[in-house]
Amino acid sequence: MRASEWMGDAQLLGSTFPLPLDAPFTAAMADDAGVSKNHLRTLVREGLLRRVLMGVYAAAQAPGSVLFRARALGLVVPECAVITDRTAAWLHGAPVLERGAHLEAPPISVCERVDSRVRRAGVDGRRRQLRDSDVMSLHGLIVTTPMRTGLDLGRRLWRFDALAAIDGVLRLGVDQDHLLEQIERFRGHRGVRQLRWIAPLGDGRAESPGESALRLHWYDAGLPPPEPQFAIRDDDGREIYRLDVPAPEVRYAAEYDGEEFHSKEADRAHDLERREWISRERHWTVAAFGKDDVYGRTTDITRRLRVGFTAARRSVSFWVP
């Protein structure tokens, strides 16, 4: 059967597709239903299927809920395993996926409750010393709690991703003071020095890993603590825009333009119009930074942030409301 014969009126997979449209499935399940590996590759390439995990697929219109993610993991994670690290963050709803994960599904991070390694293709088994309070049951899966997940990722990831992980678990409701209290239990463990430095900078108001990374560059530049997602209001007091990493006292802000929402021509036109309005009507200076700026190994972003902040501070004294 040709892939086009499975498409419905909305140009997505329709009811003729032989697998559920709202649930994940494995390549083996697809093959049993008459959807070959070649079909899977074609459907992924055409945007009709998405790769949820290594070896797990779903229709493009399938939900992205915690329950859905748990079902996807349940298809491939060994019953004895505890889901950890990036995979645990993804399951909880605070993804800190490796760049390029949308092109090739990353390995699934798990460990066993006993201190040994899980050995299975596509599974990144790690040794881990877990307390009972470090794990929880979520839709039938055993996973590290948001607290433990943040503590692990804050130690183990590249510092820019580590801050994004801390921000993510705070966004889930983890208490920051409690998280800071837990750090000393990892004294002597790899990465604890980074965790001690990164964790106090966490802020659950950050809305994406790119924003978190940009904020860390802001701190690296020696600038004062920003107010993430600062509201810009119209003359009637209604919120119309929000700024990613701003310093309201000098009306300077840095924004992260990620590829997902800022790559199309219409997106760029909207960004330009928005920033021109903020500059003209509210006298802010807004600097935009992309993925290459924020994640580039050789970048002058800290210098640019310092220069922009200083120029904005100078201009404040000349601004007349």
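Brief remarks on what is shown
- Projecting the Cα atoms of Gly210, Leu243, Ile183 onto the charge dipole of region 163-257, computed from C-beta unit charges around the Cα centre, puts Ile183 farthest toward the positive end.
- Rounded to the nearest 500, the 222 nm mean residue ellipticity of the chain from helices alone is -11500 deg cm²/dmol, with -39,500 (n - 2.57) taken per DSSP H run of at least 4 residues.
- Rounded to 5, percent antiparallel among DSSP beta bridges of the chain: 70
- Taking Cα centre as origin and charging only the Cβ of basic (Lys, Arg, +1) and acidic (Asp, Glu, -1) residues, the dipole magnitude of the chain rounds to 1220 debye.
- Residue-normalised accessible area of region 170-321, given per residue in Å² at a 1.4 Å probe: 57
- One equal scatterer on each Cα of the chain, no solvent, Debye formula: the resulting log10 I(q)/I(0) at q = 0.06, 0.10, 0.12 Å⁻¹ is -0.26, -0.70, -0.94.
- Solvent exposure of region 5-71, expressed per residue, is 52 Å² of accessible area, with all protein chains present and a 1.4 angstrom probe.
- For region 191-268, the Kirkwood estimate of hydrodynamic radius, built from reciprocal distances between every pair of different alpha carbons, is 14.0 Å.
- Dimensionless Rg/Rh of region 151-213 - Kirkwood Rh, Rg from C-alpha atoms: 0.94
- Distances between placed amide hydrogens fall under 5 Å for Val245 paired with Gln229, Ala254, all partners being 5 or more residues away or on another chain.
- Using only side-chain charges placed at the Cβ, +1 for Lys and Arg and -1 for Asp and Glu, the dipole size of region 133-289 relative to its Cα centre rounds to 760 debye.
- Relative contact order (%) - criterion: Cα under 8 Å, at least six apart; region: region 184-321: 23
- With contacts taken as Cα pairs under 8 Å and at least 6 residues apart, the chain reaches a relative contact order of 10 percent.
- Largest first and in whole Å, the equivalent-ellipsoid semi-axes of region 10-72 read 16, 14, 11, each the square root of five times a Cα gyration tensor eigenvalue.
- Theoretical FRET efficiency, 1/(1+(r/R0)^6), r = Cβ-Cβ of Arg205 and Leu67, R0 30 Å, to 0.05: 0.70
- Rounded to the nearest 10 Å², the accessible area of Arg51 at probe 1.4 Å: 90
- Isotropic mean projected area of the C-alpha convex hull, region 183-321 (nm²): 10.2
- Calculated from the alpha-carbon coordinates, region 135-241 shows an Rg and a Dmax of 15.7, 54 Å respectively.
- Per-residue surface analysis assigns Met29 an accessible area of about 80 Å², computed on protein heavy atoms at 1.4 Å probe radius.
The values are calculated or read from the model by the stated rules, or taken from the named source; none is laboratory data. Note that the coordinates shown come from a computational prediction; the quantities given were computed from them, not determined experimentally. Glycine gets a Cβ as well: all are built from the backbone with ideal geometry, and neighbour counts include every protein chain shown. The accessibility values were calculated without ligands, DNA or RNA, using every heavy atom of the protein model including side chains. Shrake-Rupley method; radii C 1.70, N 1.55, O 1.52, S 1.80 Å.
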